[in-house]
Amino acid sequence: MPYVKNAWASFINSAQSKLWVLPMVSGIIGAILALIATEITIPEQYFFARFLWPGDAKAASDMLSFIASTTMTVLTTTISMTLIVLQVASGNFSHQLLRDYIQSKAVRVIIAVYVGVFTYTVLVLRSMEDDAIVPPQLAMTMSMIMIFIAVATFIWYVSRVVDMVRVDTIISTSVDRTVKYAAIATDDDTPAPSECPEIPDTAFHVFATDSGYVQRVDLDGAARWAKNHNATVIVQVRPGDRVMEGRTLLRWWMNEETHCVADAPVNEQAPEHGVVAGRDQGEDSAPTPPTIVNLDHERSSGQDFSLGLRQLSDIAVRALSPGTNDPTTARHVIAQAATALRTLVANPPQPHARFLEEDDADQPRLVVWAPSRGAAELVDSFIGEIRRYAESEPGILIDLLTVLSWLDHSTTDPWVHDVVDAQRHSIVAAANRGISDDRDRERVIEAAEGRTSHGAWDYGM
């Protein structure tokens, strides 16, 4: 069952990242409906019959041909609009948004609807005989209903596209996604050790056999395997990490001390896990862990809650580039991102763990431990990325200092306090280096010292 669950999770993740899956399903449904509808005949004496297609076979054939050709034309237009939206999003905002656009409901639904309608009309047209007097009336009526649904879907798609390319929508969506997935990542009733447990030298290594981004870490699957084999698994990567081929993904060891040999030869693991170095198990090879860490060549939201902050920093950096020169957008990003940062600081993500209750032990035994992105790391990465591109913009630097002061008063975490102090010093250094006007530079220094021209610091946003 664990392997079935892992395979099903991998299939769902792959299906969600592919654009053709939903259109393929809709095409199959359209084909089935066409085959069924063309075989159904409704007698004229039925009340429902008066609402069916009233024309003859020639008119029905012409109508089906018109629907099929129009559907293909609109589908081509839709794909062109989608490509334009993708180009605008990647060029003006962040290339990290491309996957989100492809996975959006608007793009998937519009293509799926038109593929389904086209498949249905073509198969109904194919089933009609040249010498038929009465066409399949139910099938024709359904095709008319479908074309109205397709028109409504196209209007909805256009409205969604206009909304999708607005920078306000992109920023708010990234913030909401970060808060949502961070809440899921921190919603763990089992407290985990903040520091990685000590790993014995005889522990086995599981290496990455490909490069890519960590999509998900199956902690529950790892816990089941570790409990069945009396092992301990330490995951050494986090969702969103860039992994190069050959990097250690996780380490594990058996808890039966009789099997430990300090200077053990290299054992061969399953091909998908690479080469595992560790202890000698005698004639028996070491058990093979299931696929715990899933990789892909693109980052995606989900367990990687930091992707939203990455998208926000990309938007701010591009807005501050000389080619764009749009500090207003950058300030808007900082103000909106402050909400996500404060949520992460107030409820910081913690390492994840799974335990095994043992009858002969006073405390449960740790079987799986996995790291998480700390609040200090996220604050340092986001503030530092924008600061490096805003040396000559006093308004941006003051906004960053405002956010830092807000975060400093929202937590008692010493790591966050250290990051806030370090970023304050870096921002002052950037202002001294990049701002030539004495008054603008003094404003930044006042903000860094917690002062304003009115003698008090306002912690509100």
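Values for this structure:
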item	result
Neighbour-count ranking [beta-carbon atoms within 10 angstrom, fewest first] of 357, 385	357, 385
Distant-in-sequence amide H partners of residue 288 (H built 1.01 Å from N, under 5 Å)	none
Fewest-first ranking of 140, 244, 63, 24, using other Cβ atoms within 10 Å as the exposure measure	244, 24, 63, 140
Length released on extending from residue 29 to residue 86, taking residue separation times 0.36 nm less the Cα-Cα span	17.7 nm
Dipole of the stretch 218-258 [Lys/Arg +1, Asp/Glu -1 at C-beta], most positive-end residue of 254, 240, 225	240
5 angstrom amide H check on residue 295, placed H, neighbours 5+ away	215
Alpha carbon Rg of the stretch 158-228, scaled by the compact-globule rule 2.2 N^0.38 Å	1.75
Distance (nanometres) between label positions extended 7 Å along Cα→Cβ at residue 228 and residue 210	2.4
Distant-in-sequence amide H partners of residue 368 (H built 1.01 Å from N, under 5 Å)	233, 354
Residues 345, 165 arranged by fewest to most Cβ contacts within 10 Å	165, 345
Calculated log₁₀ intensity ratio I(q)/I(0) where the Debye formula runs over C-alpha points of the stretch 310-447, q = 0.10, 0.11, 0.12, 0.18 Å⁻¹	-0.41, -0.47, -0.53, -0.97
Å³ per residue enclosed by the Cα convex hull of the stretch 337-401	91
Residue 165 paired with residue 425, simple spin-label distance in nm, labels 7 Å along Cα-to-beta-carbon	4.6
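Any read-out appearing in this document is the output of simple, stated calculations on the displayed coordinates, not a laboratory observation. As the structure is a prediction and not an experimental result, all values here were calculated from the model. Ideal geometry is used to build each Cβ from the backbone, glycine not excepted, and the neighbour counts take in all protein chains shown.
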